[in-house]
Amino acid sequence: MQWNDALLLWHYQQMGHTLRPCTVAVGLGTHDLGVAAEAADLYLRGFAPRIVFTGGRNASRPDAFPHGEATHFAEHAIALGVPESAILCEPNARNTGENITFSRDLLTDAGVQVRSVLLVSTPYMERRAYATCRKVWPEVDIVCASARTGLPAYLEAVGDFRLVINSMVGDVQRVIQYPERGFAEPQLVPEEVRDALQRLITAGFDQRLMA
């Protein structure tokens, strides 16, 4: 059941948005450098004329990005062909709310009038990122994007099954609980998703749960 439950959470978290050009792409800091690669690909394909990378040190993998997520993500995007002039870095955010708030403020300070945001995250984080952005930055149109991959391929790329499943469990818990705390806009969470979440928690995937 663990694998089926993980697949259910994986698919639930993806918004299924159709890509379209936006004012800016915002690459959300995480343990996965693939977010930077996806943001770079979207830039090079013409879906956004600029990218903001946001995030400080990663709590799950503190040694992975010693100079902070935003810095390493920007370096990776430049190596993939994105000009440095098209990138803004926000190196202080510690959570998704700060990722979006600080990116919004950075763009305002830079004089960029934002009408739409291409929100780039890990595949299993799309819904939580969307719900947070709707709360924090409700005036912009949001298009969620992530690497187009299935769960098996993603797990192989990351190389850490428990890290990914623990992160997925933590994200879905936050989708459920953050609206009550004023951090995100409510989302419909089907009972089958809630049941799968509880089974995975009971199975020991509880390292990313809120207290």
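The values are calculated or read from the model by the stated rules, or taken from the named source; none is laboratory data. Keep in mind that what you see is a predicted model, and the values were worked out from it rather than measured. Here the Cβ positions follow ideal geometry from the backbone for every residue, glycine too, while neighbour counts run over all protein chains shown. With ligands, DNA and RNA removed, areas are computed over all heavy atoms of the protein, side chains included. Shrake-Rupley method; radii C 1.70, N 1.55, O 1.52, S 1.80 Å.
Quick notes on this one:
- Sites matching chymotrypsin sites (Phe, Trp or Tyr not before Pro) across region 1-85 that sit in DSSP coil, with at most 12 neighbouring C-beta atoms within 10 Å: none
- Average accessible area per residue (Å²) across the chain - probe 1.4 Å, nucleic acids and ligands excluded: 46 Å²
- The chain, accessible surface, carbon-and-sulfur percent (1.4 angstrom probe): 49 percent
- Projecting the Cα atoms of Ala64, Gln198, Thr108 onto the charge dipole of the chain, computed from C-beta unit charges around the Cα centre, puts Thr108 farthest toward the positive end.
- Given charges at beta-carbon only (K, R positive; D, E negative), |dipole| of the chain in Debye: 220 debye
- Residue-averaged [θ]222 nm for the chain, counting only DSSP H segments that reach four residues, each worth -39500 (n - 2.57): -14500 deg cm²/dmol
- Gyration tensor (alpha-carbon) shape descriptor, region 12-108, a/c threshold 1.5: rounded
- Summarising the amide proton neighbourhood of Cys144: residues at separation of 5 or more, or on other chains, whose placed amide H is nearer than 5 Å comprise His17, Leu119.
- Looking at region 1-106, the trypsin sites (Lys or Arg not before Pro) that sit in a DSSP loop and have at most 11 other Cβ atoms within 10 Å of their own Cβ are Arg45.
- Cα centroid of region 1-51 to Cα centroid of region 86-135, whole Å: 13 Å
- Interchain or long-range residues, amide H under 5 Å from Thr54's placed H: Gly27, Gly29, Glu90
- Simple point charges give the picture: +1 on the Cβ of Lys and Arg, -1 on the Cβ of Asp and Glu, and for region 136-206 a dipole about the Cα centre of about 200 debye.
- Residue with peak Gaussian network fluctuation, the chain [Cα springs, cutoff 10 Å], from Arg115, Arg148, Arg181: Arg181
- With viscosity 1.567 mPa s and temperature 4 °C, the Kirkwood radius over alpha carbon pairs of the chain converts through Stokes-Einstein to a diffusion coefficient of 76 µm²/s.
- Taking Ser121, Ser103, Ser85 in turn, the Gaussian network model of the chain (Cα-Cα springs below 10 Å) assigns the largest fluctuation to Ser85.
- Legend: P(r) of region 74-162 from all alpha carbon pair distances, 10 Å bins from 0, whole percents, reading 14, 40, 37, 9, 0.
- Formal net charge of residues neighbouring Ser116 (Cβ-Cβ distance under 15 Å; K, R +1; D, E -1): +3
- Here r is the Cβ-Cβ distance between Glu156 and Ala79 and R0 is 25 Å; the resulting FRET efficiency, rounded to 0.05, is 0.65.
- The modelled label-to-label distance for the pair Leu7/Arg20, using points 7 Å beyond Cα in the direction of Cβ, is 3.2 nm.
- A simple spin-label model places pseudo-atoms 7 Å from Cα toward Cβ; at Thr149 and Arg181 they are separated by 2.8 nm.
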